[in-house]
């Protein structure tokens, strides 16, 4: 059965196990999002350290260049992972909505700033 074909009239109709599963998924999603952002911060710190270190040593611009380029490539991959995680979160939100759950039912915070896509969907 596809998620799109599911129909639920109220929270009372949703089995407790569905709510528990949704909450468990949410508890796993948030650390995954934070982990990716933390990795991006760490990678940008690394790139800055490589470039800054070369400058502080007074070395030629070629020194550490290969390593800085590799770090920059891995940063791009982290942003690709971040994009996929955003899409994952959005699809999980659609599934939550189809199941008739409210964000507050599963632990979604309403105190976060929403992106443009979420604002349009929430309106």
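For the range 55-75, which residues satisfy the criterion of being over 33 Å from the mean Cα position of the chain (by Cα) and either surrounded by 14 or more Cβ atoms within 10 Å (Cβ to Cβ) or part of a loop (DSSP other than H, G, I, E, B) (or both)? Residues satisfying the conditions are 58, 59, 60, 61, 62, 63. The lone criterion from (1) outside any helix (DSSP H, G or I); (2) surrounded by fewer than 14 Cβ atoms within 10 Å (Cβ to Cβ) left unmet by residue 35 is number (1). Evaluating residue 100 against the criteria (1) surrounded by 14 or more Cβ atoms within 10 Å (Cβ to Cβ); (2) in contact with a helix residue (DSSP H, G or I) (Cβ under 8 Å, 6 or more places away or on another chain); (3) in a helix (DSSP H, G or I) leaves one unmet condition, (3).
In the set 9, 49, 74, only one residue is out of contact with any strand residue (DSSP E or B) (no Cβ under 8 Å at 6 or more places or on another chain), more than 20 Å from residue 108 (Cβ to Cβ) and at pLDDT below 95; that residue is 9.
The values are calculated or read from the model by the stated rules, or taken from the named source; none is laboratory data. Predicted, not measured: the structure shown is a model, and the values here were computed from it. Note that each Cβ is placed from the backbone with ideal geometry, even for glycine, and that neighbours are counted across all protein chains shown.
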